[in-house]
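The values are calculated or read from the model by the stated rules, or taken from the named source; none is laboratory data. Quick caveat, the model's predicted, so the values are computed rather than measured. Here the Cβ is made from the backbone with ideal geometry for all residues, glycine too, and neighbour counts use every protein chain on show. These accessible areas exclude ligands, DNA and RNA; they are computed on the full protein's heavy atoms, side chains included. Shrake-Rupley method; radii C 1.70, N 1.55, O 1.52, S 1.80 Å.
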Amino acid sequence: MRVAIATGEYHLGGETFINRHIEHLFGGDTVVVCGRFREDNPYGKPYFVRRDGLSGRDILVAPWWLLRNRVEHGTSRLPFGEAKDALVRFLRDERVDVILAEFGTQALALAPLANDLEIPIFTYFRGTDASKAIRTERMRSAYRKMMPRLAGVFSVSQFLLDNLGKHGISHPDSTVIPSGVDIRRFAPQAKVPLSFLAVGRFVEKKAPLTTLRAFGEATRDLPEARLDFIGDGPLLEPTRNLAEDLGIAKKIRFHGAQPHHTVRDRLMSTQFFLQHSITARDGNTEGLPTAIQEAMACGCITVSTRHAGIPEAIDEGETGFLVNETDEAGFAKAISAAIAVPDLAKMSLRARSVAEERFDNHVLLKKLERHIQDALTLTLDSDTHSKKRAPA
């Protein structure tokens, strides 16, 4: 089965979940439809760039098409004119059997075209596309119009499906399949005592300042404790400055953005993983953070928040500790509770075991393939049944 993977940018090294689909879904029989191409095609896949500039003719007709698509479909994202014709040729030339849009916003752009070509289309919801993106009624209306055009919906967490459902956005065939982790590559090693790690962009949603202050409070009397931050972003310098102001700079190491293998190597020997995720002021939330799944696979004891899909991963008191969003004092107490666990090795093994049970990406990939195949079989059977019942 040949699948077109639709994504915003190709190739992004940090989007391990999407890259896994591009490389391995249905034996790697895939092509890529992307919004932007970053001059990197590590998997040697045929690809089509949707936003590769408009022709002179398309520029002339753009106002009419943008208005029509906004009225008819609730969004102006749809391809039109010569760009649409080129995409149609690509999908036909590559003999695409099914489209998997890796974000709901990508499905908005492609669902009507897929229906016209009678190519079944599925979408994944991963976080921003089912939180920040639906703050406006215009976007919610566009999603509602899109849902009947889809063959099925996947989400990394039940939280995101529930969040969509609150706004009347739902699909009868909706399935939770987390992004998952390669449990063979992410595995525990000997843990460095009192080692802590936080991974992610230095942005409001990750609350790095809260993480830093809580760590400082919880380890006030533990001079040997160390917290490594991996990532960059607008809050990096404020976090560095706060570490100096709190007098804990010697306990903190800022590594900046690092390749995925560096994150893995650090996780394998880290004892505690910290992630104080919150809902940003613009409504942006997590889905189910891949970093937490990777930390659990490496046997890290996670301290995080009751946010988005995180409670679907962490069993409180068994594999980690959770507090409410923005509860800085509670986060410090949870870090202290993690440090004080009588049998840290046992909790570490439990975290690893849960990751094996729930987040093995090999198992989850097969589950995704089976669900797509089953949905397509059901659709074909339904179409055949309808044709048999149609009057002569």
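So, by mean Cβ neighbours within 10 angstrom, what's the order for 102-111, 186-195, 294-303 with the highest one leading?
The packing order, highest mean first, is 294-303, 102-111, 186-195.
Compute the distance in nm between two label points, each set 7 Å from the Cα along the Cα-to-Cβ direction, one at Arg144 and one at Ile59.
3.8 nm
In whole percent, how big is the carbon plus sulfur part of the accessible area of the stretch 151-217, probe 1.4 Å, protein atoms only?
56 percent
For an R0 of 41 angstrom, estimate the FRET efficiency from the Cβ-Cβ distance between Val363 and Asp93 and round to the nearest 0.05.
Efficiency, from the Cβ-Cβ distance: 0.75.
With an 8 Å Cα cut-off and a minimum separation of 6 or more residues, compute the relative contact order for the chain in percent. Don't skip to the answer; put the middle values down first.
Working: 717 pairs, mean separation 55.4, N = 392.
Rounded, it is 14 percent for the chain.
Is the stretch 254-346 rounded, prolate or oblate when judged by the Cα gyration tensor, a ≥ b ≥ c being the square roots of its eigenvalues, rounded requiring a/c under 1.5 and prolate requiring a/b larger than b/c?
Note, shape of the stretch 254-346 comes out oblate.
Where is the GNM fluctuation largest for the chain (alpha-carbon springs, 10 angstrom cutoff): His255, His11, His371?
Most flexible of the set in this elastic network: His255.
Which of rounded, prolate, oblate describes the stretch 133-191, given a ≥ b ≥ c as roots of the alpha-carbon gyration tensor eigenvalues and a/c under 1.5 marking rounded, otherwise prolate only if a/b is larger than b/c? Kindly include the intermediate steps, with their values, before the conclusion.
Details: a/c = 3.63, a/b = 2.43, b/c = 1.49.
Prolate shape, in that a/c is at least 1.5 and a/b is the bigger ratio.
Please go through the residue pairs Lys250/Lys333; Lys206/Lys333; Lys84/Lys366; Lys45/Lys191; Lys45/Lys84; Lys205/Lys333 and name each one whose alpha carbons sit more than 30 Å apart in this structure.
Lys84/Lys366; Lys45/Lys191
In debye to the nearest 20, how big a dipole does the chain give about its Cα centre with +1 on each Lys and Arg Cβ and -1 on each Asp and Glu Cβ?
The calculation lands at about 540 debye.
Could you report the chain's accessible area per residue, 1.4 Å probe, as an integer in Å²?
Heavy-atom accessible area per residue stands at 45 Å².
Pop the C-beta distance of Lys346 and Glu23 into the FRET formula with R0 = 51 Å and round what comes out to the nearest 0.05.
Approximately 0.90, to the nearest 0.05.
In deg cm²/dmol, rounded to 500, what helix-only [θ] at 222 nm does the chain give when every DSSP H run of at least 4 residues adds -39500 (n - 2.57) and the total is split over its residues?
The helix contribution divided over the chain gives -13500 deg cm²/dmol.
Can you tell me how the stretch 124-166 classifies by the Cα gyration tensor, rounded, prolate or oblate, using a/c under 1.5 as the rounded cut?
oblate
Cβ under 12 Å from Lys333's Cβ, Lys333 left aside: what net charge do those residues give with Lys, Arg +1 and Asp, Glu -1?
Value of the local net charge: -3.
Of Gln106, Phe125, Phe159, which is farthest along the charge dipole of the stretch 65-192 in the positive direction, counting Lys and Arg as +1 and Asp and Glu as -1 at C-beta?
After comparing all options, I get Phe159.
Cα axis of helix 328-339 to longest principal axis of the chain: angle in degrees, 0 to 90, nearest 10?
70 degrees
So, in nm, how far is label Asn115 from label Glu82 when the simple model puts each one 7 Å beyond its Cα toward the Cβ?
Output for this residue pair reads 2.9 nm.
Round to the nearest 0.05 the FRET efficiency obtained for Glu316 and Arg220 when R0 = 30 Å and r is the Cβ-Cβ distance.
0.80
Pop a pseudo-label 7 angstrom from the Cα along the beta-carbon direction at both Gln373 and Asp40 and give the gap in nm to one decimal.
3.3 nm
I'd like to compare 123-129, 198-204, 281-287, 33-39: which one has the highest average count of other Cβ atoms within 10 Å, and what's the full order after that?
123-129, 198-204, 281-287, 33-39
Pull out the extension gain between Ser170 and Asn241, defined as 0.36 nm times the separation in residues minus the alpha carbon to alpha carbon distance; nm, one decimal.
So the chain would gain 21.1 nm between Ser170 and Asn241.
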